[in-house]
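Only the coordinates and a few stated rules stand behind these numbers; no lab work does. Model, not experiment: these values are computed from the prediction. Note that we place each Cβ from the backbone using ideal geometry, even for glycine, and neighbour counts take in every protein chain shown.
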Amino acid sequence: MLDIKYIRDNTERVKKAVHQKNAQIDIDRLLHLDSEKRQLQYDFDHRRAHQKKISKEIPLMKKSGEDTTNVLNEMQTLAAELKSISNNITNLSETIEQIMIGIPNTPHPSVPEGQSEQDNVIDKDVNSIPEDNKSADYRKHHIIAEQLGLIDLIRGAKITGSGFPVYKGQGAQLERALSNFMLDFHCHNHNYQEVAVPFVVNRKAMTGTGQLPKLEDDMYHIDQDDLFLIPTGEVPVTNIFANEILPYSVLPAKFVTLTPCFRREAGSYGKDTKGLQRIHQFNKVELVRFVQPADSYAALEEMVNEAETILDALNLPYRRTLLCAGDMSFASAKTYDLEVWAPGARKFLEVSSLSNFEDFQARRASIRFRDDKGTVRFLHTLNGSGLATPRTFIAILENYQNPDGSVTVPQVLRKYMDGRDKITGI
RNA sequence: GGAGAGUUGCCGGAGAGGUUGAUCGGGGCGGUCUCGAAAACCGUUGUGGGUUUACGCCCACCCAGGGUUCGAAUCCCUGACUCUCCGCCA
């Protein structure tokens with residue numbers, strides 16, 4: 001959510017941002033409703049002040065034996081008027097609120113302009129793809145996984161539907177090793193506190209982080225309770241502090257969590273359907289930070305590095321892109337993506353997306369803090385994957401595959417796999 | 001699932017229709033005292049909106065949303081959450 005005052009004072013900039021993020025919002029109408037509401041509020045406040053004053057005099061009048069019939073009649077009228085005004089205000093507020101929660105965040109000035117993925121800027125190439133890695137001999141992950149019996153897509157589909165994989169044996173072990181490795185890594189090396197959170201959240205939480213109202217169709221919904229399966233750990237973790245004013249001393253707060261993520265992927269049927277590339281349920285380690293406004297951009301760079309060190313530790317080739325305005329999520333002010341190289345698929349796969357939301361989520365979820373002067377302010381929130389497991393899993397299978405059909409286990413994962421150095425199947 | 005109790009400011013806890021934004025205690029902050037500290041004493045201590053150059057003034061908020069009333073933290077209805085007991089399941 002943006003500050004309505006900010007919208008009043010920076011109307012053109014907001015309109016531009018709305019346009020950049022491909023949203024359809026009538027800002028002029030919003031401003032009109034807002035001024036209408038303030039006028040009504042002003043009117044209400046004055047009449048209400050009068051009502052309170054007289055109401056206090058009434059008992060005194062009664063005590064001194066005065067006739068209060070006329071006053072009471074007048075007050076009755078006034079009460080009715082107040083009620084009507086306040087109803088109008090409530091209606092207007094609801095309309096305004098509805099428009100407000102549909103306005104996307106404004107991109108940071110350092111974010112490149114652009115409409116889509118094509119306009120993202122590649123700003124770092126790491127472990128650039130080795131020549132031999134480009135060879136056509138590399139097999140795709142689902143071939144490897146099938147041969148070694150690591151995943152079972154058919155049976156997953158039988159249980160639930162397509163896009164719900166079953167991991168088996170050493171595959172399940174590798175998946176769990178990855179999760180545990182990443183979780184431990186961020187806790188030990190980057191000072192995050194691990195949290196385990198609900199995987200089902202309410203509408204309020206979803207709105208707080210900005211998934212709602214825009215992405216309702218992309219989420220699994222439990223009608224009976226009006227609850228949603230989380231599409232990312234960001235939602236429950238960011239909402240941990242909803243409606244709170246945090247003391248200065250708790251910032252920066254840094255949390256890491258491992259959660260499953262549920263995504264309907266509406267509208268992307270037929271895209272990346274082979275294997276684990278695009279699935280409806282997957283595990284992801286998520287980093288979340290709550291920081292003072294002045295620190296948020298430094299924090300974003302730090303988090304990107306933290307996510308990168310996972311890829312470095314796994315010794316996988318990857319690149320970093322800076323998303324253009326049009327490709328960023330609704331709530332983000334600036335986003336970096338990390339993409340790992342998959343030599344079998346012969347393309348880069350997104351394994352992490354790291355964003356600074358500035359005070360956009362904090363406003364929606366009302367997360368504030370007391371600054372060093374004691375003033376209550378909205379804080380800044382950030383989050384990023386560190387990392388999503390399926391595509392990391394893919395990258396490991398494809399990059400670490402051996403001619404004999406086995407897959408070497410990356411050094412750092414071995415202690416999580418009973419010391420095993422090779423995946424050889426059942 | 002059944003029965004009951006509760007939700008007030010940073011915390012504890014009053015308050016039961018009329019200057020109550022809220023008694024009191026604790027904590028925090030500032031001060032007096034002290035070489036310093038403790039104790040004691042004095043003062044202060046919410047959030048949001050509107051208005052003002054400013055001091056200030058006005059409005060809203062006592063879990064949330066409705067209702068009754070000239071007037072509600074206080075009465076009524078609905079919902080959420082917490083706790084206790086019973087049942088059921090892990």
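Observations on the model:
- For A:209, A:375, order by how many other beta-carbon atoms lie within 10 Å, fewest first: A:375, A:209
- Lys, Arg +1 and Asp, Glu -1 on Cβ, resulting dipole of the stretch A:117-423 about Cα centre, debye, nearest 20: 500
- Cα-only Debye scattering, chain A: base-10 log of I(q)/I(0) at q = 0.07, 0.08, 0.13 Å⁻¹: -0.43, -0.54, -1.16
- Each Cα pair under 8 Å and six or more residues apart adds its sequence gap; the mean of these over the residue count of the stretch A:117-423 is a relative contact order of 24 percent.
- Max mean-square fluctuation residue, GNM over chain A, Cα-Cα springs under 10 Å, options A:75, A:100, A:61: A:61
- For the stretch A:101-202, fraction of C-alpha pairs farther apart than 19 Å, in %: 74
- According to the Kirkwood relation over distinct C-alpha pairs, the hydrodynamic radius of the stretch A:4-100 is 16.2 Å.
- The stretch A:281-402 - Rg (one decimal) and Dmax (whole number), Cα, Å: 16.4, 60
- Shape analysis of the stretch A:236-301 based on the Cα gyration tensor places the equivalent ellipsoid semi-axes at 33, 13, 11 Å, largest first.
- Each 5 Å bin from 0 upward holds the following percent of the Cα-Cα pairs of the stretch A:32-161: 2, 7, 8, 8, 7, 6, 7, 7, 6, 5, 5, 5, 5, 5, 5, 4, 3, 2, 2, 1, 0.
- Ranked for footprinting exposure by Cβ neighbours inside 10 Å, fewest first, A:187, A:324 give A:187, A:324.
- Only aspartates and glutamates eight or more places from residue A:422 in sequence, or on another chain, were considered; those with a Cα closer than 13 Å are A:404.
- In degrees, nearest ten, helix A:69-100 long axis to first principal axis of chain A (Cα): 20
- Extension gain (nm, one decimal) between residue A:67 and residue A:220, 0.36 nm per residue minus Cα-Cα: 48.6 nm
- Each 10 Å bin from zero holds the following percent of Cα-Cα pairs in the stretch A:231-349: 10, 34, 40, 13, 3, 0.
- Using Cβ point charges alone (K and R +1, D and E -1), the dipole size of the stretch A:1-131 about the Cα centre works out to roughly 880 debye.
- Between residue A:266 and residue A:124, the contour length at 0.36 nm per residue exceeds the Cα-Cα span by 48.0 nm.
- Structure-based [θ]222 nm, chain A - -39500 (n - 2.57) summed over DSSP H runs of at least 4, per residue, nearest 500: -13000 deg cm²/dmol
- Top of A:210, A:405, A:384 by mean-square fluctuation, Gaussian network on chain A, Cα under 10 Å: A:405
- Counted by neighbouring Cβ atoms within 10 Å, the residues A:96, A:144 run from fewest to most as A:96, A:144.
- Largest GNM mean-square fluctuation across A:188, A:50, A:221, computed for chain A with C-alpha springs under 10 Å, falls on A:50.
- Radius of gyration, Dmax [the stretch A:346-410; alpha carbons; angstrom]: 20.4, 65
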